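J.: The structure under discussion is supplied below as structure tokens; questions concerning it will follow.
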Number of protein chains: 2
Amino acid sequence: MRVTIKDVAKKAGVAPSTVSRVIADNQRISLETKKRVRKAMKDLGYHPNVNARNLAIRSTQAIGVVMPSSTDKALQNPFFPEILGGIGSVAHEMEYSLYVSTGSTEEEQFEEVKRMVFGNRVDGIILLYSRANDVVMDFLFEKNFPFVVVGKPYSEENQITYVDNDNVKASREITQHLIDLGHQYIAFIGGSTERVVTVDRLQGYESALEAADLPNREEYKVQTEFLESGGHKAVEKLFSLDQPPTGLVIADDLVSLGVINMLEELGFRVPGDISIASFNNVYLSEITRPPLTTVDIQIYLLGVHAFKCLIEKVKKKDEPSKRIIVPYKIKYRQSTKEIDGK
Amino acid sequence: MRVTIKDVAKKAGVAPSTVSRVIADNQRISLETKKRVRKAMKDLGYHPNVNARNLAIRSTQAIGVVMPSSTDKALQNPFFPEILGGIGSVAHEMEYSLYVSTGSTEEEQFEEVKRMVFGNRVDGIILLYSRANDVVMDFLFEKNFPFVVVGKPYSEENQITYVDNDNVKASREITQHLIDLGHQYIAFIGGSTERVVTVDRLQGYESALEAADLPNREEYKVQTEFLESGGHKAVEKLFSLDQPPTGLVIADDLVSLGVINMLEELGFRVPGDISIASFNNVYLSEITRPPLTTVDIQIYLLGVHAFKCLIEKVKKKDEPSKRIIVPYKIKYRQSTKEIDGK
DNA sequence: ACCATCAGTGCAACCGATTGCGCAATCAGC
DNA sequence: GCTGATTGCGCAATCGGTTGCACTGATGGT
């Protein structure tokens, strides 16, 4: 049997409560006693039992991280391990543990979240996605359980703490970049409009077009979820228009890779014929060919801030909801090119 | 305050112990009582407190998943979310939760694992990597704590349960494929030789060369960790040899992408001038250009089996150690080509 | 010299479950 | 009708901690 607080107490010649206070570094215990107890702990190789502790203090030093349902291939996105890294780094520092949930369906996800919440497994939750009418978010919100979302919540925006980039500005800027390069026919490829981030990026794109007095054509907006077979068709259609685009704003680096691939198959060159700008700056976008012009949303930092915000909320239940906007940086690389420089 | 087992007991007019037994679906409780209690639970919205439960039964319905230290960019590999998906799917099914550890350094990782083990946070651990002289593995082994590793352990191979592919065979086969295509100058690019998987794949490569009576040249083996700047040099050097290779076996799809990029920069075409075959078959390898010939190691399945093995070990402490070899399938795509077909 | 204060610890209740054991009621067998 | 087994359930200890409160002895003020 593992060594318990009582064993330590006995060995140090004090009461269990004293040991407990030593662990908590309570002021009222004399330095001498503390030393003695600490030595006993070391000697015995004592480690407190979290379950007992959590039961007593009604808390857990753990937070839950909810990934999008793994049915959409989205989970394969390097975005997730990276943001996990960000969250994990500060979690480790603060001695928190991470629970992750990877339900395959929305239903499963929801169940897992309920397990986390009701089962008292976690003190708070980070949502790594934001989609419209999300039951999980509604549930957490209604239960008033501490949570923060990475991305903009689909509703109750100012009552929910979230960390995000200014996606519409970033999108506007990167679209503007294409415009500056002389492109007049710029299309947008994004994921499901269920996802808030898609909507924001689309909006930024549109507003840039508008500001530049370029037409905002419906047929230039394609929505395809992560390159499944349908995506192929959509792209083909885009390029068989009477006036095919010369520039593409794509909401995700990974999609860009797929699109570039298709384009080359169709006989277009990037950036020779088509310029492509996208989002996220995953590690890949640098080593691919051509390297992608993309907005670096600082995934790691998103994670770091999300965690910090969550801890604040956990510590003080009535912490006001806040919004953290992590700055982005556009990485200009070789997938974009002047229209005339062909 | 949350509703406890006592509340349910009171409402149902029974003792807490009875409620507990109803939860466990104990035989000795009459169906009628069960119904009554279940109704009370429903009505009150009762959810058992895991901490209390775990404390009492000295177990947790959770397992830990240890990722490689995030300092190496390895964490960005889609391999991880995908295997997490596999693990998570069956974990969910069996009502287990997942703890992940993402330490940035080996030291941090070790600390987290100790927290998991000593703190009684998890029933078992899955190691998502296998490297030489790993303190974490040694620790778990020595403590006789239930764990399984994904990949082949660096030592004590037949006392540790692990799930892996037959990497040497796969590597031999895919190298043979290159040979069949007429390649005689085939190089190998792998990650750190600290990682067991690299060693296996290297071995398979060598054995294929040997079997075909091709020379096994030292200068054809480059070891570069995930494409950092040094990798660039290594590849350049490889192609400035008197006899540069025409075929490449690369231990990871992501590295392949980087290498293809470099090669094109250097003026080589894939597969025109150089054929490339690699490993893992991450989603990307299909949508990239050219699509990669790669061995599909069935990442998701690796995860599924790892979890199942772990649970067996958890349930029966003396479960014999086993080895699960998940079959691979080679995906022949366009990154490899006959040497003469140029 | 006396009382109030305070530092340093221990007692015991409690957190919310599980479970071995015991007891009452029912039932079968004779 | 009596006995022994069986069924159905409750008592109370236990898991390993935390924490409010009480207690003791020393200190300090008057």
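The values are calculated or read from the model by the stated rules, or taken from the named source; none is laboratory data. Being a predicted model, the structure only gives us computed values, none of them experimental. Cβ: placed from backbone, ideal geometry, glycine included. Neighbour counts: every protein chain shown. Ligands, DNA and RNA are excluded from the accessible area calculation, which covers all protein heavy atoms including side chains. Shrake-Rupley method; radii C 1.70, N 1.55, O 1.52, S 1.80 Å.
J.: Starting from the Kirkwood radius over alpha-carbon pairs of segment B:97-221, derive D by Stokes-Einstein at 25 °C in a medium of 0.890 mPa s and give it in µm² s⁻¹.
T.: Value of D from the Cα-based Kirkwood radius: 150 µm²/s.
J.: Please get the size of the charge dipole for segment B:167-295, origin at its Cα centre, with Cβ charges of +1 on Lys and Arg and -1 on Asp and Glu, quoted in debye to the nearest 20.
T.: In debye, rounded to 20, segment B:167-295 gives about 100.
J.: Please arrange A:E218, B:E286 by accessible surface area, largest first, computed with a 1.4 Å probe and ligands excluded.
T.: A:E218, B:E286
J.: For segment B:296-302, take each phi angle, set θ = phi - 60°, evaluate the Karplus expression 6.51 cos²θ - 1.76 cosθ + 1.60, and give the result in whole Hz per residue in order, putting x for glycine and proline.
T.: Once θ is set to phi - 60°, the couplings for segment B:296-302 become 7, 8, 6, 3, 4, 4, 3 Hz.
J.: Shifting gears a bit: Hey, how many Å between the Cα centroid of segment A:79-96 and the Cα centroid of segment B:273-342?
T.: 27 Å
J.: Note the distances from B:F268 to each other copy's matching label point, with points 7 Å along the Cα-to-beta-carbon direction, in nm, sorted shortest first.
T.: Once sorted, the set of distances for B:F268 reads 3.0 nm.
J.: Right, something else. For the full complex of protein chains and a 1.4 angstrom probe, list A:K329, A:K221 by accessible area with the highest value first.
T.: Most to least solvent-accessible, the answer reads A:K329, A:K221.
J.: Relative contact order, percent, of segment A:1-152 when contacts are C-alpha pairs under 8 Å separated by at least 6 residues?
T.: Values: 174 pairs, mean separation 32.5, N = 152.
It rounds to 21 percent for segment A:1-152.
J.: Right, next: Quantify, in whole percent, the carbon and sulfur part of the accessible surface of the protein assembly as shown (1.4 Å probe; protein heavy atoms only).
T.: About 48 percent, which is the carbon plus sulfur part of the accessible surface.
J.: Something else: At 7 Å along Cα-to-Cβ for each site, give me the label-to-label distance between B:S155 and A:N133 in nm.
T.: Modelled inter-label distance: 5.9 nm.
J.: With the dipole of the protein assembly as shown worked out from charges on the C-beta (+1 for Lys and Arg, -1 for Asp and Glu) around the Cα centre, which of B:Q203, A:G151, A:Q203 lies farthest toward the positive end?
T.: The residue sitting most towards the positive pole is A:G151.
J.: Hey, another quick one. Let me make sure I get this right: for segment A:104-146, a, b and c are the square roots of the gyration tensor eigenvalues over alpha carbons, sorted descending. Under 1.5 in a/c it's rounded, otherwise prolate if a/b > b/c, else oblate. Which is it?
T.: Since a/c reaches 1.5 but b/c is at least a/b, the shape of segment A:104-146 is classed as oblate.
J.: Kindly write out, for segment B:107-113 in residue order, the coupling ³J(HN,Hα) from the Karplus curve 6.51 cos²θ - 1.76 cosθ + 1.60 (θ = phi - 60°), rounded to whole Hz, with x marking Gly and Pro.
T.: Whole-Hz 3J(HN,Hα) from phi for segment B:107-113: 4, 4, 4, 4, 4, 5, 5.
J.: Considering every residue in A:108-114, what mean count of other chain Cβ atoms within 10 Å of its Cβ is obtained?
T.: Numbers: counts 4, 1, 0, 2, 6, 0, 1.
The per-residue average across the peptide is 2.
J.: Give the relative contact order (percent, whole number) for segment A:204-342; include only Cα pairs under 8 Å separated by 6+ residues. Kindly include the intermediate steps, with their values, before the conclusion.
T.: Working: 160 pairs, mean separation 28.9, N = 139.
That works out to 21 percent.
J.: Let me ask something else. May I ask you to derive the FRET efficiency for A:D242 and A:A211 from their Cβ-Cβ distance with R0 = 30 Å, giving the value to the nearest 0.05? Walk me through the numbers on the way to the answer.
T.: On the way: r = 25 Å, r/R0 = 0.83.
After rounding, the FRET efficiency stands at 0.75.
J.: Assigning unit charges at the beta carbon (Lys, Arg +1; Asp, Glu -1) and nothing else, what dipole magnitude in debye, to the nearest 20, does the protein assembly as shown show about its Cα centre? Please list the in-between numbers first.
T.: Numbers: 86 positive and 92 negative charges, 933 e Å.
Its charge dipole is roughly 4480 debye.
J.: Can you spot the aspartates and glutamates whose alpha carbon is less than 12 Å from A:K221's alpha carbon? Ignore those fewer than 8 places along the same chain.
T.: A:E206
J.: Starting from the Cα of B:K39, draw a straight line to each of the lysines and keep only those under 21 Å, dropping any in the same chain fewer than 8 residues away.
T.: Straight-distance partners of B:K39: A:K114, B:K6, B:K10, B:K11.
J.: Considering chain A as a Gaussian network with a 10 Å cut-off on Cα pairs, which listed residue, A:N165, A:N280, A:N26, attains the greatest mean-square fluctuation?
T.: A:N26
J.: Where in segment B:117-151 does accessible area fall by at least 50 Å² between the isolated chain and the complete protein assembly, at a 1.4 Å probe radius?
T.: Buried by 50 Å² or more upon assembly, which counts only protein chains, are B:F118, B:N120, B:R121.
J.: OK, next. Helix A:196-211 versus the longest principal axis of chain A: what is the Cα-based angle in degrees, 0 to 90, to the nearest 10?
T.: For helix A:196-211, the angle is close to 40 degrees.
J.: What does the convex hull of the Cα atoms of chain B come to per residue, in Å³, rounded to a whole number? Don't skip to the answer; put the middle values down first.
T.: Numbers: hull volume 54.9 nm³, N = 342.
So the per-residue Cα hull volume is 161 Å³.
J.: Protein chains only, probe 1.4 Å: how do B:F307, A:F145 rank by accessible area, largest first?
T.: Ranked from most to least accessible, the order is A:F145, B:F307.
J.: Which distances, shortest first and in nm, link B:Q184 to the matching position in the other copies, using label points set 7 Å out along Cα to C-beta?
T.: Spelled out, the distances from B:Q184's label point are 5.7 nm.
J.: Sticking with this one: Other chains' Cβ within 10 Å of B:184-196 residues: what's the mean?
T.: 0
J.: Give the B-A buried accessible area in Å², both sides summed, 1.4 Å probe, nearest 100.
T.: 5500 Å²
J.: With only Lys, Arg, Asp and Glu charged, each at its Cβ (+1 for the first two, -1 for the last two), find how big the charge dipole of segment B:173-223 is about the Cα centre; round to the nearest 20 debye.
T.: 160 debye
J.: Further question: Taking the label point 7 Å from Cα in the Cβ direction, how far apart in nm is B:E157 from each other copy of itself, listed shortest first?
T.: 5.9
J.: Continuing with this model, one more query. Averaged over peptide B:285-295, how many Cβ atoms belonging to another chain are found within 10 Å of each residue's Cβ?
T.: Partner Cβ neighbours, averaged per residue: 3.
J.: Further, regarding this structure: Using the Cα centre of the protein assembly as shown as origin and beta-carbon charges of +1 (Lys, Arg) and -1 (Asp, Glu), tell me which of A:T294, B:P271, B:L310 is placed farthest towards the positive end of the dipole.
T.: Among A:T294, B:P271, B:L310, the one farthest towards the positive end of the dipole of the protein assembly as shown is B:L310.
J.: With a/c under 1.5 counting as rounded, go ahead and sort segment A:167-297 into rounded, prolate or oblate using the C-alpha gyration tensor (a ≥ b ≥ c being the square roots of the eigenvalues; past the cut-off, prolate if a/b is larger than b/c, else oblate).
T.: Numbers: a/c = 1.21, a/b = 1.09, b/c = 1.11.
Since a/c stays below 1.5, the shape of segment A:167-297 is classed as rounded.
J.: If you take every residue apart from B:P327 with its C-beta less than 13 Å away from the C-beta of B:P327, what net charge results, scoring Lys and Arg +1 and Asp and Glu -1?
T.: -2
J.: Using +1 at the Cβ of each Lys and Arg and -1 at the Cβ of each Asp and Glu in segment A:57-170, identify which of A:N133, A:G86, A:T105 lies farthest towards the dipole's positive end.
T.: A:G86
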